[in-house]
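This report concerns only the one structure given below.
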Amino acid sequence: MGFLNKFLGSSKEEVDYKATLKEVLDHRNGLIAMESKVVQDFFEKIFEVAEQSLHGVLFLTPEEFGFKKTLTREEVDFWFCKVSLALVVYSYCFFYVEEQSPSAQSSFITFWQRMFDSYNNIFGEKATIDAVNHYAAGMIEEGEKKYSKSGNEEQALRLMLKDYTTLAGELLEKIWHENINQKALDDLRNYKPGQNTAAYDPAAQKIVLLGRGIWETHLEIVKPFLPKLLTDYQI
């Protein structure tokens, strides 16, 4: 995976990060290599998003956010574990269509169940498609109520924020030991997309920055790849 070297500079912090990252990914990539080609291709994109977004958080965000720290192997692994699961969920939701024929629906569910099973093999987890309800409650509601199609872009973007708040909150609490207090949750609930967050609780600001970074990198790298993946699998 050549992308690992793309953004890494020569500072001591980045050299240490690269060494820790290599330890984590050597193990996980060995498990990915045991999966089928379609699974390998998908998780290569997933890991590319996870690595780029983590590097961006550690080395490219403003100092005042306090993201810069030396991560342990366990913390890097936790990042890849949680971000990968959320990205599998996002990918599933992007292409779920309730009105599919029974045979198409069955094939679709079988494909994604296979991806969840592969995720579990790679990370030693027990995730199921039920994870969709946890990481993509907003996408589910958007799919049901179709706010974006009716022109209610603000509500659609609020639901997007709701989803990446779930993931970003978990990452902040576990890796940066951030307390997500009620003030932060209230600020996020009242957030209007595009609004300046300078007056918000610091944890809310971090959630917006962190969650949006992962979401946008997923849109840039994984989402465009999915149609080919599903076509190759003949869904």
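The values are calculated or read from the model by the stated rules, or taken from the named source; none is laboratory data. On a predicted model such as this, the values are computed, not experimentally measured, just so you know. In this analysis, Cβ positions are derived from the backbone assuming ideal geometry, glycine residues included, and neighbour counts consider all displayed protein chains.
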Handout entry: Boolean, residue 203 is modelled with pLDDT of 85 or more and touching a Leu at 6+ places or on another chain (Cβ under 8 Å)
Key = yes
Problem - Among (1) in a helix (DSSP H, G or I); (2) modelled with pLDDT under 95, the one test that residue 68 misses - result: (1)
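Restricting attention to region 219-235, and to residues there that are assigned to a loop (DSSP other than H, G, I, E, B) and of a type outside the set (A, V, I, L, M), which single residue is modelled with the lowest pLDDT?
234
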Exercise for the section: Determine, yes or no, whether residue 142 is farther than 30 Å from residue 75 by Cβ, in contact with a Pro (Cβ under 7 Å, 6 or more places away or on another chain) and assigned to a helix (DSSP H, G or I). Expected result: no
Exercise for the section: State the number of residues belonging to region 124-158 that are at pLDDT 85 or above, closer than 21 Å to residue 191 by Cβ and among the hydrophobic types (A, V, I, L, M, F, W, C). Expected result: 4
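For region 122-150, which positions are surrounded by 14 or more Cβ atoms within 10 Å (Cβ to Cβ) and polar (S, T, N, Q)?
Matches in region 122-150: 148 only.
Residue by residue, here is whether (1) surrounded by fewer than 16 Cβ atoms within 10 Å (Cβ to Cβ); (2) under 22 Å from residue 204 (Cβ atoms) holds:
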| position | (1), (2) |
| --- | --- |
| 27 | yes, no |
| 34 | yes, no |
| 37 | yes, no |
| 47 | no, no |
| 59 | no, no |
| 65 | yes, yes |
| 77 | no, no |
Exercise for the section: Mind listing just one residue for me: the one in region 161-188 that is aliphatic (A, V, I, L, M) and surrounded by 20 or more Cβ atoms within 10 Å (Cβ to Cβ) and, of those, farthest from residue 146 (Cα to Cα)? Expected result: 175
Problem - Subset of region 155-203 [small (Gly, Ala, Ser), in a helix (DSSP H, G or I) and farther than 21 Å from residue 86 by Cα] - result: 184
Fill in the blank from the handout: From the option list 170, 178, 216, single residue qualifying as acidic (Asp, Glu), under 12 Å from the mean Cα position of the chain (by Cα), modelled with pLDDT under 95 and closer than 24 Å to residue 69 by Cα is 216
Handout entry: Members of region 25-65 that are part of a helix (DSSP H, G or I) and acidic (Asp, Glu)
Key = 26, 41, 44, 48, 51, 63, 64
Handout entry: Given (1) assigned to a helix (DSSP H, G or I); (2) without any contact (Cβ under 8 Å) to a residue 40 or more places away in the chain; (3) within 22 Å of residue 142 (Cβ to Cβ); (4) in contact with a helix residue (DSSP H, G or I) (Cβ under 8 Å, 6 or more places away or on another chain), number of the condition residue 207 does not satisfy
Key = (2)
Problem - Residue among 107, 91, 84, 53 that is at pLDDT below 90, in contact with a Phe, Trp or Tyr (Cβ under 9 Å, 6 or more places away or on another chain) and polar (S, T, N, Q) - result: 107
